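Accompanying notes for the structure given below.
What follows is calculated from the coordinates using simple rules that are stated; it is not laboratory data. This one's a predicted model, so the numbers in the text were calculated from it and none came from an experiment. Here the Cβ positions follow ideal geometry from the backbone for every residue, glycine too, while neighbour counts run over all protein chains shown.
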Amino acid sequence: MDRREVLKLSLLAGASLVAGGAQAQQVCPTDGTPAQFIPKKPADAKANESDIEKYPKCPYCGMDRKQYHHSRMLVHYSDDVADGTCSLHCAAISLSLNVDREPKVLWVGDNAAAGDVKPLVEVDKATFLVGSKLPGVMTANSKVAYGGEDAARTSQAANGGELVKFDQALLVAYTDMSKDVSRIRKNRAERRKKMMEQQKAAPMEHKH
C-alpha cells in the first residue's frame, strides 16, 4: 500500500486529533500534556528488532506491549523514529498525530506464527480479520492480523468476521474510534470508582 495513502487516510480520519495535538504542542512545548504527540525514543534504523524491549509500553494508553504482543504494532517513520503501540487503535492515533512524518514501514504482530511472543510482519504482507468473535484490544470490534492468508481463512471459519487488507482495517479503526474511546473511558471510570469503594471499605474492615 502507498505510504502517502496512509498519510491521507490518517489526516482525514484523525483531523480533530491532529488539530488538538498541534495546539497542545504550541501551548506545552516541554511535553506537559498526557498524550505523546511525538515519538520520544531515539531514531533506530532497525526499530523492529527486539521491539518489545525497546518499546515496552504503549505511549498512548500505557498498556504492556509484551502482554499484547499478538496485537502490537510498530509505526516506523521515514526519519527512523518509531512508535511502538499495543494495537491498531493506538497506531491509528500515532499516524494521526504525526502527519508530518511519512511512514516507512508499519509492522503488526503475526497471529499466523507460533510462539509465546508473536513476531512482527509488515502490514502489507498481512491479512486482517475484522469483526470476528476474537477479543479486540482497545476496541470492541476486533482486528487480528495474520502473516499468511491460509491462517486468516482458518481463523475466519472458526470465528467469523471479514478478511481485509491493512488500509481497510485502518479505516475501520478510525470509524470505531469514537465508540471505542467512549467505552474505554466508561470502563476506566468504573474501575476507579470500584477501587475507591474498596479503599473506603478497607478501614472499616480493620476496625472489626
If each residue's Cβ is checked for other Cβ atoms within 10 Å, how do R188, R101 rank with the fewest at the top? R188, R101
If you average the sequence gap of Cα pairs under 8 Å that are 6 or more apart and divide by the length of region 52-208, what percent do you get for the contact order? 17
Extended-chain gain in nm, criterion 0.36 nm per residue less alpha-carbon gap, D80 and K194: 36.8 nm
For A158 and D64, calculate 0.36 nm times their separation in residues minus their Cα-Cα distance, and state this gained length in nm to one decimal. 31.1 nm
What FRET efficiency do you get for I184 and A45 if R0 is 35 Å and r is their Cβ-Cβ distance, rounded to the nearest 0.05? 0.55
Using a 7 Å offset from the Cα along the Cα-to-Cβ direction at both E53 and I38, what is the distance between the two label points in nm, to one decimal? 2.8
Taking 0.36 nm per residue of separation and subtracting the Cα-Cα distance, what length does fully extending D150 through D116 add? 10.2 nm
Using the per-residue mean of other Cβ atoms lying within 10 Å as a proxy for protection, in what order, highest first, do the peptides 191-202, 87-98, 155-166 fall? 87-98, 155-166, 191-202
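Sorted by mean Cβ packing within 10 Å, highest first, what order do the peptides 167-175, 123-131 take? Present the calculation step by step, with values, prior to reporting the outcome.
Values: 167-175: 19.1, 123-131: 21.0.
Peptide ranking by packing, descending: 123-131, 167-175.
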Under 15 Å from a point 7 Å along the Cα-to-Cβ line of A202: which residues of region 165-193 have their amide N that close? 192-193
Quick check: the distance between the Cα centres of region 85-106 and region 124-178, to the nearest angstrom? 17
